[in-house]
Structure formats: structure tokens, C-alpha cells
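Asker: Handing you a structure now.
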Amino acid sequence: MQAVLKARPAAGFDLGDVAQPRPGAGEVLLRVAAASVCGTDVHLYDWNPWAQLRVHPPRVVGHEMCGEVVAWGDGVRSPAVGTRVAVESHIVCGHCEECRRGDYHVCENTRILGVDVDGAFASHVALPAANVWPVGGNVSPQVAAAMEPFGNAVHACSYGDLAGRRVVVFGCGPIGCAAIAVARVQGASRVIAVDRNDYRLHLAERMGAHSVVRASETPVDDDVRRAAGGDIDCALEMSGSSVAVASATRLVRPGGWISLLGIGDGPDVIDLSNDVVMKGLALYGVVGRKLPSTWERTTAYVRDGVIDVAALITHSFPMSDVDSAIALIKSGQCGKVTLTPPD
Ligand SMILES: [Zn+2]
Ligand SMILES: [Zn+2]
């Protein structure tokens, strides 16, 4: 089958022919219906230091996908062949201490699809039946593929109650924009979006931000306070910018909370004593999705049309043109970018 590969330890992806996977015990074989491209894929493409340490080429890349079940491995009893499914990209071990506690999202042996095992940018993929999530035929393959990053936003918003709260979202990529929509649905009274990029601020408005603030080299604290019209109860940090993290800790009122999803390239400089300890702030690190609670909520939002996830998807390319998809993402002039698999 055709697949997008990290074929060698260098920048770029290659299109290659690889053997179609067979479902092992406990696995299902999926025919890929749609995939979407993540910032992680850009790191793999660029072969950044994280990718160099983590990935062992050759590897079929890609982890955000929707598929149709076409075969079962030994011991699998569901979902039925023909079922359309979204995919949880984190394959957990089920026996480490975290898994035994039910905290699967922080499994210490997590393997990520398209990073540690062969992934989704191909015509077929085999993965544990526990990692597929039926979505129903009314959810489009593109939207179902985007449920994985959308679930990150749902997870980020789940730490505390957002009803009637003032919320600031730093970073308006697809996950930040999704978080804006989730915060609105959860009843936030005011959602302020911060980004450097006008395209993304537009998308943030479209997803329901009450006001947008253009980030610059200097902190945006005063602009955010003004736009919020009062104290900020919660910050959702999706940018990875150390300037944004510090802003968030200053802006959020005593007793409030911050969900941190963005991963920075440099050390963070925050005034822990004054801006976290003395304010009694809660900082919550968002990794993956909680299993299964995040997926249940994400599915409800998508299936019942509560949130228009399709509005987050702005471009689509054939999988063979993944280079163009990556270039567009790097330009910042897009929301979620999807890929159509080879026949
Ligand atoms: Zn991703
Ligand atoms: Zn585990």
C-alpha cells in the first residue's frame, strides 16, 4: 500500500510502498477514510531534536484519522466490520501503575500512532480495538479525524467549571480555536482569544471568541483585562509561548486555574511565589485525552452538532501532496488541514 513515511533520519517525508498491515491479537484493521495533520507531524517532518530522539525510521507517520473497520484480529468482538470510527492515537499498556489507577492518559508506556508505531497516513492501519471509537455514519470522515485534537480542547476545558466564567485562550491554532467553541458551549460569559496571526484570530472569532487580542513582543495583560471587562477566571494556554504562560499566571484571579497544553521551546519564566503560590492558582497539564470520559464528551459535541467542528477544517490535500499541507501549516494561513488517503 502507499504510505507517507519518515524513511530516513533527515528532514522531509517520502511516499513509499509498504506492506499492508495485518491485525494482530486484540487489533482491528482500518481502511483510512480521512486523516488530518498535526503540529507533531510538522516536528517529524522537520526532524527536530525531539523527533530525532523519539522516532526510528522507517515509520509510517500520521496519528489523526478516521477509518472504517475492515477486519478483526484474534479475540476482537467489536466494533462490527463496516463501522466508521475515530481513533485515539495514544496506545496505552494497560498494566502500569497509572493504567491500573485508570489514568490511562498518563500511561508511562504510551506508544503514539505514527511516532512509535506505524501510523495513519496510509490506505490502511492496524491498531488495538480499544483505540477506536465509533462515531456513526452522520459524522464526516474529516470531522471524525479531527476529533483527536478536538478532544485535547475538550480535555483542557474539563479541569474546572466554565459556566459564567471569563476565559482567555492563548494560541488560536486548531486546538485553541476548538477550546474557544467548547468554552462557549460550557457557558463561559466572556472568551478572549490571543494570537499573533490575523488568520487565526479570524478563525477564533468564527468559533465564538467575544474579542480577540493581537499578541506582540510585549505582554498583552492590559488588553486582555480590558477585553474581558473584569478578572479572568481561567486561562487555556495552547501556544507554548513562555510570554503567554507568564501572562496567564498574572492575569488569572486568585483561586482560578490554568490548563497548559502548549509545549515551549525554551524555559518558562514565571513568578511562582507571587503569581501561583500566593494566588492559590491551579495549573493543570493537558496530555492527550482522558479515556474514556473525554471521548464520550467529544463524541456528543460532534455527533449532535453542538459544535461545528467542520468550521475548524479549512483545507484538504491528497495524501500524496503532504508536502503542500505541511508548507501551508507552517505559513499559519490555515485551520485544521486534512488529507485524503490513496485508493
Ligand atoms: Zn496531534
Ligand atoms: Zn500504562
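No value in this document is a laboratory result; all are computed from the given coordinates. Everything numeric in this text was worked out from a predicted model, so none of it was measured. So basically every Cβ, Gly included, is an ideal-geometry build from the backbone, and we count neighbours across all protein chains shown.
Asker: Tell me, what is a quarter of the convex hull surface for the C-alpha atoms of the chain, in nm² with one decimal?
Answerer: Orientation-averaged projected area of the Cα hull: 16.5 nm².
Asker: Residues of segment 50-70 with backbone nitrogen within less than 16 Å of a virtual label 7 Å along the Cα-to-Cβ line of ILE112, please, listed as ranges.
Answerer: 50-57, 59-65
Asker: Looking at segment 136-282, what % of its DSSP beta bridges pair antiparallel, to the nearest 5? Working shown, then result.
Answerer: Values: 0 of 19 bridges.
Expressed as a percentage, antiparallel bridges in segment 136-282 total about 0.
Asker: Gap in Å between the Cα centre of segment 5-33 and the Cα centre of segment 48-70?
Answerer: 8
Asker: Roughly what would the spin-label model give for VAL277 and ARG54, points 7 Å off Cα along C-beta, in nm?
Answerer: 3.2
Asker: LYS336: which aspartates and glutamates have alpha carbons under 14 Å from its alpha carbon, excluding same-chain residues fewer than 8 sequence positions away?
Answerer: Once the sequence-local aspartates and glutamates are set aside, what remains near LYS336 is ASP41, GLU64, GLU148, ASP308.
Asker: Additional query: Percent antiparallel among DSSP beta bridges with both residues in the chain, to the nearest 5? Don't skip to the answer; put the middle values down first.
Answerer: Details: 31 of 59 bridges.
Taking every DSSP beta bridge with both residues in the chain, the antiparallel ones total about 55 percent.
Asker: Another question, then. Full-extension gain between SER331 and ASP17, please, as 0.36 nm times their residue separation minus the C-alpha to C-alpha distance.
Answerer: 110.1 nm
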